[in-house]
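What follows is a single structure, written as structure tokens, with notes after it.
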């Protein structure tokens, strides 16, 4: 199916200061009970380096027959880390019938870096989220919130780190029972030959199909 492009616009306010914000959204529709939300790291584009998020989405639609929503993740301010993800979840809720032809849908998340941290913070507040792949979660971004969020989250989650990621040791602090996976030789951005490993992490969602 044809990729659907849109842009969400809103205003973010803190301490009386209001700024205009926008977020790119691209939808890969598919008749399914699953919608996979792909969240880049901070300032990540909707397509990603070398179109990696497009490749992930196409692989999910083709092999798992799930709908996919990709977003950009522009930095708003240190007070608004969650805004993009929350607006993406609202967008999915408002447009589920167009995205997956199903009002009784389940959300799965693939998120990287700061995007993974924020997903860990808030997923427990969204009952429709029931599987997450959190890649190179930025451990310095309010680590206590990451751990608290994961401990409250009742769905499935796999925390993935490249063996060369600076936050690798954060695995030792994860709540008991949290699944984790280490990708050898991969750095924070899964550079070079590790890019294929990054794209293939979508296979971790297959258990839910």
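The values are calculated or read from the model by the stated rules, or taken from the named source; none is laboratory data. It should be emphasised that the depicted structure is a prediction, and the values quoted were computed from it without experimental measurement. Don't worry about glycine lacking a Cβ; one is built from the backbone with ideal geometry, like all the others, and counts go over all protein chains shown.
Suppose the filter is crowded, with 17+ Cβ neighbours inside 10 Å, in contact with a strand residue (DSSP E or B) (Cβ under 7 Å, 6 or more places away or on another chain), more than 19 Å from residue 71 (Cα to Cα) and modelled with pLDDT of 95 or more; does residue 115 pass it?
no
When each of 103, 77 is tested for being in contact (Cβ under 8 Å) with a residue 24 or more places away in the chain, assigned to a loop (DSSP other than H, G, I, E, B) and either on the phi > 0 side of the Ramachandran plot or surrounded by fewer than 16 Cβ atoms within 10 Å (Cβ to Cβ) (or both), the lone residue that passes is 77.
To keep it simple, each residue is scored yes or no on (1) closer than 18 Å to residue 41 by Cβ; (2) free of Cβ contacts under 8 Å to residues at least 24 places away in the same chain.
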| site | (1), (2) |
| --- | --- |
| 132 | yes, no |
| 136 | yes, no |
| 146 | yes, no |
| 157 | yes, no |
| 164 | yes, no |
| 171 | no, yes |
| 178 | no, no |
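Assess whether residue 133 counts as being surrounded by 22 or more Cβ atoms within 10 Å (Cβ to Cβ) and in a helix (DSSP H, G or I). It is false that residue 133 is surrounded by 22 or more Cβ atoms within 10 Å (Cβ to Cβ) and in a helix (DSSP H, G or I). Just one of the numbered conditions (1) crowded, with 23+ Cβ neighbours inside 10 Å; (2) closer than 15 Å to residue 85 by Cβ is not true of residue 165: (2). Please verify whether residue 89 is assigned to a helix (DSSP H, G or I) and under 30 Å from residue 16 (Cα atoms), treating the condition exactly as stated. Yes; evaluated as a whole, the condition is true for this residue.
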